[in-house]
Amino acid sequence: QKGGWDSFMDKEIHEDPTAVADTLLGRFNPNGDLNLDEVHIEPEVFRQIDKIIIVACGTASYAGFVAKYAIEHWVRIPVEVELAHEFRYRDPILTPRTLVVAISQSGETMDTLMALRHAREQGSRVLAICNTQGSSIPRESDAVLYTHAGPEIAVASTKAFVSQVVAAYLLGLYLAQVKGTMFRDEIHQVVESLKDMPRKIQWVLDTQTQTIARAAKSLITAKSFLFLGRHVGYPVALEGALKLKEIAYTFTEGFAAGELKHGPIALVEEGEPIVVIVPSSRGRDLLHNKVISSIEEVKARGAFVIAVAEEGDPDVDRYADVVFWRPTCPTLMSPLVDVVPLQLFALEMAKDKGLDVDKPRNLAKSVTVE
Ligand code: F6R
């Protein structure tokens, strides 16, 4: 069943490219336009949507957090991301024009289910992004967009994450199409970059694994890790930190790079490993330069920097101690590749510690209690 891999997690990380490709499959008309007829929500209803609230837990919430950046940029409506277990206790503002998007791999997460019930009671429509056909969350939603990642067995979510980002992007692009907030050509261009992502993820798997394994081995005794990112790199940092906590049992904190000077930099001491998600260096824009200055700040305090960066980034080469490279891609696509080395890093670290990577202690694959 593990198809020759040591663990399900190993196998599932290596299925990231297929999870992305399969989630894109069959969602376009021959003319290249998006076709989401399967969700059975009238385009007219989609046109009326003036706010999105994404509810989810854990990894699924980070996928939603990534999608927020893309959807707000493409559709120009506010997108909130809320942990499902916080949602209904704060009296959220829900109207018939609010679309609540519940993201869940298992479709059985009780917190997410309770959040969507609350949203429907308040008269909002709920669309589920789910990996499990016929599970409770899609059954109780008004509509569903399935991720086609295939069964995920390892407790730590990996291929489901990339497929959730893709499904949420498809939803965003579809909304942009029906609302006319992007030109048709622009949408087609984004779709082309999405279709290119499986190949780019494969490149990371094919070329970076050894560097990642070496880095994990050399850091096995580290007491804690910090992960930092900016823009879409921020939720990726949170996801990378979560992976390391849950399967390697290492104390890890993820935060926004800009937040460093507001507190977390006090944690940085000689040798502290810090994983930094570096945005594209093309044009060396503000985003890139800001993250590079964060690296300089932590380096100056003796941190050991592991960067996830675009191939050939000259600034990263100068400051980072270890680099996990990714191929060039547009900023909004980068989470799909950047998360992959972080999944592998957690996996290698847990393996080196002799832990059961598929069944980490205290955790269940689906959390069916509130
Ligand atoms: C992390 C992980 C959890 C789940 C969360 C939501 O690796 O697996 O954080 O992402 O419990 O689960 P689903 O997506 O099934 O609702």
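The values are calculated or read from the model by the stated rules, or taken from the named source; none is laboratory data. Computed from a prediction, not measured in an experiment: that's the story for all the values here. Cβ: placed from backbone, ideal geometry, glycine included. Neighbour counts: every protein chain shown. All accessible areas refer to the heavy atoms of the entire protein, side chains included, with ligands and DNA or RNA removed. Shrake-Rupley method; radii C 1.70, N 1.55, O 1.52, S 1.80 Å.
For the range 68-81, residues that are assigned to a helix (DSSP H, G or I) and more than 19 Å from the chain's Cα centre (by Cα) total 1. Remark: residue 41 matches the filter, which requires a residue to be out of contact with any Gly (no Cβ under 6 Å at 6 or more places or on another chain), under 30 Å from residue 83 (Cβ atoms) and in a loop (DSSP other than H, G, I, E, B). Looking across 264, 273, 235, one residue alone is over 20 Å from residue 66 (Cα atoms) and modelled with pLDDT of 95 or more. It is 273.
Taken together, the residues in the range 129-176 that are among the β-branched types (Val, Ile, Thr), open to solvent by less than 10 Å² (accessible area, probe 1.4 Å) and within 11 Å of the ligand (Cβ to nearest atom) amount to 4. Filtering the range 225-282 to residues that are closer than 30 Å to residue 354 by Cα, hydrophobic (A, V, I, L, M, F, W, C), open to solvent by less than 10 Å² (accessible area, probe 1.4 Å) and part of a helix (DSSP H, G or I) leaves 236, 237, 241, 244, 247, 248. Do we find a residue being of a type outside the set (D, E, K, R), more than 16 Å from the ligand (Cβ to nearest atom) and open to solvent by 10 Å² or more (accessible area, probe 1.4 Å) anywhere in the range 357-370? No, that holds for no residue. For the range 108-128, a residue qualifies if it is more than 14 Å from the ligand (Cβ to nearest atom), surrounded by 21 or more Cβ atoms within 10 Å (Cβ to Cβ) and in a helix (DSSP H, G or I), and exactly one does: 119. Out of the residues in the range 94-107 that are surrounded by 24 or more Cβ atoms within 10 Å (Cβ to Cβ) and not in a loop (DSSP other than H, G, I, E, B), which is nearest to the ligand (Cβ to nearest atom)? Among residues in the range 94-107 that are surrounded by 24 or more Cβ atoms within 10 Å (Cβ to Cβ) and not in a loop (DSSP other than H, G, I, E, B), the one nearest to the ligand (Cβ to nearest atom) is 104. Just a yes or no: is a residue in the range 117-124 modelled with pLDDT of 95 or more, out of contact with any Gly (no Cβ under 7 Å at 6 or more places or on another chain) and among the hydroxyl-bearing types (Ser, Thr, Tyr)? Yes, some residue in the range 117-124 is modelled with pLDDT of 95 or more, out of contact with any Gly (no Cβ under 7 Å at 6 or more places or on another chain) and among the hydroxyl-bearing types (Ser, Thr, Tyr). Only one of the numbered conditions (1) within 16 Å of the ligand (Cβ to nearest atom); (2) open to solvent by less than 10 Å² (accessible area, probe 1.4 Å); (3) farther than 17 Å from residue 128 by Cα is violated by residue 70, and that is (1). Pairing residues of the range 195-217 that are under 19 Å from residue 245 (Cα atoms) with residues that are of a type in the set (Gly, Ala, Ser), at Cβ distances under 9 Å and at least 6 apart in sequence or on separate chains, gives 216/248; 216/346; 216/350. In the range 329-342, the residues that are in contact (Cβ under 8 Å) with a residue 40 or more places away in the chain and open to solvent by 10 Å² or more (accessible area, probe 1.4 Å) form no Cβ pair under 8 Å with any partner that is among the charged types (D, E, K, R) and part of a helix (DSSP H, G or I), whether six or more places apart or across chains. Just to be sure before I move on: is residue 185 among the acidic types (Asp, Glu), open to solvent by 30 Å² or more (accessible area, probe 1.4 Å) and under 22 Å from residue 324 (Cβ atoms) in the structure I sent? Taking the combined requirement at face value, the residue does not satisfy it. The set of residues in the range 79-93 being open to solvent by 50 Å² or more (accessible area, probe 1.4 Å), out of contact with any Pro (no Cβ under 9 Å at 6 or more places or on another chain) and within 20 Å of residue 49 (Cβ to Cβ) consists of 93 alone.
Restricting the range 44-67 to residues that are in a loop (DSSP other than H, G, I, E, B) and under 16 Å from residue 172 (Cα atoms) leaves a set whose member that is farthest from the ligand (Cβ to nearest atom) is 50.
Remark: pairs (first residue in the range 228-240, within 10 Å of residue 338 (Cα to Cα); second residue of a type in the set (D, E, K, R); Cβ separation under 7 Å; 6+ apart in sequence or on different chains) = 233/338; 236/338.
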